[in-house]
Amino acid sequence: MARYYVLTPECTEATGFNDLVSAETAALATGEGTHLVDTEGVPYRPSLLRVEGGRLLYMGLGHINHRQGLNANLIEGVRKGSLPMVKAFLTKGANPNATDVRGAPALLWAVASGSLEVVRALLHTGATAEQPDTEGVTALALAERHHKTAIADLLRAGS
């Protein structure tokens, strides 16, 4: 299993690397807007970089701790609405139906973050739209309650 993932600017392709030098080289060669995600990072270290102006720049998401596990880090990426991080953790094998310590599924957090693309990524990898949290709230109910029409439509369609 790779540690670093390089994602195309549209986040449609993810390639895994075991060493940082190879990942950085690949990200820079892919070009502007390419993302580099460290899926085994530690607190206070950059977890997400993006190629801008021919350099890798820190994107302000450093709260990934590999000791918390793949699913917890997937949920953290979902909560932040970070499609590159979500795609990297899903590619690495995180469960799209993962729940946080309080029983809230990743898809519920995706709705709360308001990221249509993160919702779509979770659905495409098998997230269950009907999975409720411990209080019985589903992703669709949350989207409707907060008038997130595009997300609600996507959830109704199932993908």
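Computed values, structure above
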{"read-out": "Convex hull projection area averaged over all views, region 80-159, Cα basis, nm²", "value": "4.6"}
{"read-out": "[x] 45, 30, 24; [y] 39, 34, 32; [z] 92, 33, 29, with the label sought being that of the calculated Cα extents along the principal axes in Å", "value": "[x]"}
{"read-out": "Between 0 and 90°, nearest 10: helix 70-79 axis offset from the chain longest Cα axis", "value": "80"}
{"read-out": "Length-normalised contact order for region 96-159 - Cα pairs under 8 Å, 6+ apart - percent", "value": "33"}
{"read-out": "Cβ-defined net charge surrounding ALA26, 12 Å radius [Lys, Arg +1; Asp, Glu -1]", "value": "-3"}
{"read-out": "Chymotrypsin sites (Phe, Trp or Tyr not before Pro) restricted to DSSP loop in region 44-114 with at most 10 other C-beta within 10 Å", "value": "TYR44"}
{"read-out": "Relative contact order [Cα under 8 Å, 6+ residues apart], the chain, whole percent", "value": "14"}
{"read-out": "Point-charge dipole on Cβ atoms (K/R +1, D/E -1) for region 90-144, about Cα centre, debye to 20", "value": "240"}
{"read-out": "Trypsin sites (Lys or Arg not before Pro) within region 95-159: DSSP coil, no more than 12 neighbouring Cβ in 10 Å", "value": "ARG102"}
{"read-out": "In Hz, Karplus ³J(HN,Hα) per residue of region 39-55 (6.51, -1.76, 1.60; θ = phi - 60°; x = Gly, Pro)", "value": "7, 10, x, 10, x, 6, 10, x, 9, 9, 10, 9, 7, 9, x, x, 10"}
{"read-out": "Ranked packing of 69-76, 46-53, most packed first, by mean Cβ within 10 Å", "value": "69-76, 46-53"}
{"read-out": "From phi via Karplus (6.51, -1.76, 1.60), per-residue ³J(HN,Hα) for region 131-137 in Hz, x at Gly/Pro", "value": "5, x, 7, 5, 9, x, 7"}
{"read-out": "With 10 Å bins from 0: P(r) over region 1-60, alpha-carbon pairs, percent", "value": "27, 59, 14, 0"}
{"read-out": "Phi-based couplings in Hz for region 106-121 (Karplus 6.51, -1.76, 1.60; Gly and Pro marked x)", "value": "3, 5, 5, 5, 5, 5, 4, 6, x, 8, 4, 5, 5, 4, 4, 4"}
{"read-out": "Translational diffusion coefficient (Stokes-Einstein; Kirkwood radius from C-alpha pairs) of region 113-153 at 20 °C, 1.002 mPa s, in µm²/s", "value": "204"}
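Throughout, read-outs are computed from the coordinates displayed, never taken from laboratory work. In this text, all values refer to a predicted model and were calculated from it rather than measured experimentally. Positions of Cβ are backbone-derived with ideal geometry, glycine not excepted, and every protein chain shown enters the neighbour counts.
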